[in-house]
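Asker: First the structure, which I've put down as structure tokens, then a few questions once you've had a look.
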Amino acid sequence: MKSVAEVCPLCAGSGWKNVPGAREHGVTRCDCQVRARAGSLLTAARIPRRYEHCELAEFTTDFPGADRSIALANIAASRFVQEFDPREGKGLLLVGGIGTGKTHLAVGILKELIAIRGSACLFCDYRELLKQIQNSYNDSVQATELEVLRPVFEAEVLALDELGAVKPSEWVWDTVSLILNTRYNDNRTTIITTNFPDEPAAGTMEFSPRGSAFAATRRETLGDRIGERMRSRLHEMCRIVKMEGPDFRQKFKSASFG
């Protein structure tokens with residue numbers, strides 16, 4: 001039984017509060033219930049301790065050398081939360097170099113959607129997720145591949161961090177395809193961050209002189225890392241947000257940027 005101090009003054013412990021002026025169904029879920037649900041959803045989102053402090057309101061855009069794209073990305077993230085409609089299934093692909101703030105924005109979006117919309121969100125590090133799937137093939141591990149992937153498939157909003165960070169192989173490509181295609185077909189929202197430029201794979205570029213100095217020095221692209229078919233699918237699933245600029249973490253020794 002709750003003590004007097006634990007009983008919410010708005011709903012007297014019922015979980016519902018009156019809506020002033022409402023003729024029908026003049027009650028709504030009390031703020032205490034919304035807060036309790038938000039707390040549970042935040043725990044279920046599995047946001048790493050390293051990024052627990054990340055908030056959209058605290059995202060830094062005004063610093064020496066800051067590119068205009070950083071401020072625009074922050075605006076895009078805030079607008080995404082304001083206009084979020086789970087029925088649309090349209091997410092964001094945050095593209096930029098190391099330390100430009102992609103992970104901060106992704107986590108900030110999840111936290112806002114949890115607090116404001118009550119959305120069921122999940123944060124996944126791409127590398128860790130692939131390790132968990134591989135470990136599920138070990139007979140000594142209790143979790144099956146489906147048990148690892150089910151929350152990834154079913155999350156209303158998934159943040160997939162560092163897409164492309166694992167060296168590509170047929171298995172990696174097949175796994176990425178399974179995740180993205182399942183979420184696409186179920187019309188679920190996915191927020192993705194990547195350090196690789198959103199450009200075609202080497203074999204599909206108009207000018208790709210294999211064996212030349214250009215090919216040797218060419219930076220790998222998202223197309224190289226996940227395949228052109230999945231890159232094309234991402235363009236259907238997400239709005240592209242590019243973030244340019246120096247490594248903010250390295251310059252200012254901040255752990256809040258990814």
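The values are calculated or read from the model by the stated rules, or taken from the named source; none is laboratory data. The structure displayed is predicted, hence computed values, not measured ones. Glycine gets a Cβ as well: all are built from the backbone with ideal geometry, and neighbour counts include every protein chain shown.
Asker: What single numbered condition from (1) assigned to a loop (DSSP other than H, G, I, E, B); (2) touching a Leu at 6+ places or on another chain (Cβ under 6 Å) fails to hold for D85?
Answerer: The failed condition is (2).
Asker: Related question: On the given criteria, is F257 at pLDDT below 95, under 19 Å from G96 (Cα atoms) and not assigned by TED's automatic domain parsing to the domain that holds R68?
Answerer: Taking the combined requirement at face value, the residue satisfies it.
Asker: Next question, about the same structure. Just give me the residues in the stretch 120-158 being of a type in the set (G, A, S) and farther than 25 Å from E52 by Cβ, in sequence order.
Answerer: Looking only at the stretch 120-158, we keep the residues that are of a type in the set (G, A, S), and these are 120, 136, 140, 143, 155.
Scanning the stretch 120-158 gives S136, S140.
Asker: If you don't mind, another one. Output the residues belonging to the stretch 1-15 that are modelled with pLDDT under 70 and surrounded by 10 or more Cβ atoms within 10 Å (Cβ to Cβ). Talk me through it step by step, then tell me what you get.
Answerer: Step one: filter the stretch 1-15 for residues modelled with pLDDT under 70, giving 1-5, 15.
G15, the sole residue that qualifies.
Asker: Does the stretch 159-174 hold any residues that are touching a helix residue (DSSP H, G or I) at 6+ places or on another chain (Cβ under 6 Å) and β-branched (V, I, T), and which are they?
Answerer: The one that is touching a helix residue (DSSP H, G or I) at 6+ places or on another chain (Cβ under 6 Å) and β-branched (V, I, T): V166.
Asker: Could you check the stretch 115-155 and list, in sequence order, the residues that are surrounded by fewer than 18 Cβ atoms within 10 Å (Cβ to Cβ) and among the acidic types (D, E)?
Answerer: If the condition is that a residue be surrounded by fewer than 18 Cβ atoms within 10 Å (Cβ to Cβ) and among the acidic types (D, E), then E128, D139, E145, E147, E154 are the ones that fit.
Asker: If I filter the stretch 78-114 down to residues being of a type in the set (G, A, S) and in contact (Cβ under 8 Å) with a residue 60 or more places away in the chain, which single residue comes out as surrounded by the most Cβ atoms within 10 Å (Cβ to Cβ)? Explain how you work it out, then say what you get.
Answerer: Taking the stretch 78-114 first, the residues of a type in the set (G, A, S) are 78, 89, 91, 96-97, 99, 101, 106, 108.
Add one more test, that the residue is in contact (Cβ under 8 Å) with a residue 60 or more places away in the chain, and what stays is 89, 91, 96-97, 99, 101, 106.
On the way: G89: 19, G91: 23, G96: 24, G97: 15, G99: 20, G101: 28, A106: 24.
The selected residue is G101.
Asker: Mind listing just one residue for me: the one in the stretch 54-68 that is out of contact with any Gly (no Cβ under 7 Å at 6 or more places or on another chain) and surrounded by 13 or more Cβ atoms within 10 Å (Cβ to Cβ) and, of those, modelled with the highest pLDDT? Show your work before the answer.
Answerer: The first filter runs over the stretch 54-68 and keeps only residues out of contact with any Gly (no Cβ under 7 Å at 6 or more places or on another chain), leaving 57-58, 60-64, 68.
Keeping just the survivors that are surrounded by 13 or more Cβ atoms within 10 Å (Cβ to Cβ) gives 60-61, 63.
On the way: T60: 81, T61: 77, F63: 68.
Once the filter is applied, the top-ranked residue is T60.
Asker: Could you please tell me which pairs satisfy a Cβ distance under 7 Å, a separation of 6+ or placement on different chains, a first residue in the stretch 218-247 that is in the same structural domain as P197 (by TED's automatic domain parsing) and within 13 Å of G203 (Cβ to Cβ), and a second residue that is β-branched (V, I, T) and surrounded by fewer than 17 Cβ atoms within 10 Å (Cβ to Cβ)?
Answerer: As it stands, the answer is G223/T204; E228/T204, since those pairs meet every condition given.
Asker: Where residues in the stretch 212-254 are of a type in the set (V, I, T) and exposed (fewer than 15 other Cβ atoms within 10 Å of the Cβ), which of them is modelled with the highest pLDDT? Spell out the reasoning first.
Answerer: Applying the first criterion (of a type in the set (V, I, T)) to the stretch 212-254 yields 217, 221, 226, 240-241.
Narrowing the set further to residues that are exposed (fewer than 15 other Cβ atoms within 10 Å of the Cβ) leaves 217, 240.
Values: T217: 63, I240: 98.
So, considering only residues that are of a type in the set (V, I, T) and exposed (fewer than 15 other Cβ atoms within 10 Å of the Cβ), the one modelled with the highest pLDDT is I240.
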